[in-house]
Amino acid sequence: MTIHKIYPEGFASNCYLLTADGKTAVAIDPAQPRILREAEARGLQVKFVLLTHGHFDHIGGCAALQSAGAKIGCSETEKPLALGKDNLGEAHGAPVPAFSVDFTVRGGEELRLCGIDFRVIATPGHTAGSVCYLAEGALFTGDTLFAGSVGRTDLPTGSGGALVQSVKALYATAGDYSVYAGHGADTTLEYERKNNGYIRA
């Protein structure tokens, strides 16, 4: 599996393009419409989109990718937030182009998309329906866990208590993984277990 990290232009999240064959890809949190061009520039056709949660800065490219044939997935709990005003796009002057959710996921579910095996981990806290995705040696954490920090919980459907439990559940995942977060630098799960000052293992 090859991971292409696409940094945002302006305020948005990191996006990750995952490919096993160098031709088809899964996009995690396509923040901006330009993700379609970024994929095409790498010779990739995005077949599936996985959302860690529904905030506007993570979903802005969904409509463009869906128009190009991609199927969009998020947790069932997160679907109303992603498709409604609680995605905060209008509040920040960045309305999200309309798209639909083609399939939903739940914690513990295993998916095989574009030849890549994913495990869904329910991690409520930043939002009620936040999830993380484990694929091979990589953990995609959205706004649940960052390098040296954790997600905020003062936005619609957020819960500080739930976030603490979710991050501790990630820490309890056996083994070490590269952590690819929604914002900022990459890290590892073992490093965060030992050094994250916000929530201790």
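The values are calculated or read from the model by the stated rules, or taken from the named source; none is laboratory data. If you're wondering where the values come from, they're calculated on a predicted model, not measured in any experiment. When we count neighbours, we look across all protein chains shown, and the Cβ atoms used for this are built from the backbone with ideal geometry, even at glycine. Heavy atoms of the whole protein, side chains included, go into the accessibility calculation; ligands, DNA and RNA do not. Shrake-Rupley method; radii C 1.70, N 1.55, O 1.52, S 1.80 Å.
Looking at (1) open to solvent by 50 Å² or more (accessible area, probe 1.4 Å); (2) part of a helix (DSSP H, G or I); (3) of a type in the set (Gly, Ala, Ser), find the lone condition where ALA162 falls short.
That leaves (1) as the condition not met.
Just for the range 104-121: of the residues that are in a strand (DSSP E or B) and either under 12 Å from the mean Cα position of the chain (by Cα) or at positive phi (or both), which one is surrounded by the fewest Cβ atoms within 10 Å (Cβ to Cβ)?
It comes out as VAL120.
Name the one entry in VAL101, VAL46 that is outside any loop (DSSP other than H, G, I, E, B), on the phi < 0 side of the Ramachandran plot, surrounded by 16 or more Cβ atoms within 10 Å (Cβ to Cβ) and not basic (Lys, Arg).
Of the residues listed, the single one that is outside any loop (DSSP other than H, G, I, E, B), on the phi < 0 side of the Ramachandran plot, surrounded by 16 or more Cβ atoms within 10 Å (Cβ to Cβ) and not basic (Lys, Arg) is VAL46.
Restricting to the range 66-80, count the residues that are touching a Cys at 6+ places or on another chain (Cβ under 9 Å) and either closer than 15 Å to GLY158 by Cβ or of a type in the set (Ser, Thr, Tyr) (or both).
Selection size over the range 66-80: 0.
Looking only at the range 65-85, decide whether some residue is surrounded by 22 or more Cβ atoms within 10 Å (Cβ to Cβ), part of a helix (DSSP H, G or I) and touching a residue at least 60 places away in the same chain (Cβ under 8 Å).
yes
Say whether the condition of being under 17 Å from GLU136 (Cα atoms) and open to solvent by less than 40 Å² (accessible area, probe 1.4 Å) is met by at least one residue in the range 29-39.
No, the conditions are met nowhere in the range 29-39.
If you go through the range 67-75 one residue at a time, do you hit one that is among the aliphatic types (A, V, I, L, M), closer than 18 Å to LEU111 by Cα and modelled with pLDDT of 95 or more?
Among the residues of the range 67-75, at least one is among the aliphatic types (A, V, I, L, M), closer than 18 Å to LEU111 by Cα and modelled with pLDDT of 95 or more, which makes the answer yes.
So which of THR127, THR187 ends up being polar (S, T, N, Q) and touching a strand residue (DSSP E or B) at 6+ places or on another chain (Cβ under 8 Å)?
Answer to the selection: THR187.
So which residues in the range 64-93 are under 16 Å from the mean Cα position of the chain (by Cα) and more than 19 Å from LEU113 (Cα to Cα), if there are any at all?
THR77, GLU78, LYS79, LEU81, ALA82, LEU83, ASN87
If I filter the range 165-179 down to residues being open to solvent by 50 Å² or more (accessible area, probe 1.4 Å) and not hydrophobic (A, V, I, L, M, F, W, C), which single residue comes out as farthest from GLU78 (Cα to Cα)?
My answer is ASP176.
Applying the selection to the range 86-98, what residues are assigned to a loop (DSSP other than H, G, I, E, B) and open to solvent by 70 Å² or more (accessible area, probe 1.4 Å)?
If the condition is that a residue be assigned to a loop (DSSP other than H, G, I, E, B) and open to solvent by 70 Å² or more (accessible area, probe 1.4 Å), then PRO95, ALA98 are the ones that fit.
Of the numbered conditions (1) touching a Ser or Thr at 6+ places or on another chain (Cβ under 9 Å); (2) assigned to a helix (DSSP H, G or I); (3) open to solvent by 50 Å² or more (accessible area, probe 1.4 Å); (4) not β-branched (Val, Ile, Thr), LYS194 satisfies every one except a single condition; which is it?
Of the numbered conditions (1) touching a Ser or Thr at 6+ places or on another chain (Cβ under 9 Å); (2) assigned to a helix (DSSP H, G or I); (3) open to solvent by 50 Å² or more (accessible area, probe 1.4 Å); (4) not β-branched (Val, Ile, Thr), the odd one out for LYS194 is (1).
THR173 passes all but one of (1) over 18 Å from THR188 (Cβ atoms); (2) touching a helix residue (DSSP H, G or I) at 6+ places or on another chain (Cβ under 8 Å); which number fails?
Against the list (1) over 18 Å from THR188 (Cβ atoms); (2) touching a helix residue (DSSP H, G or I) at 6+ places or on another chain (Cβ under 8 Å), THR173 comes up short only on (1).
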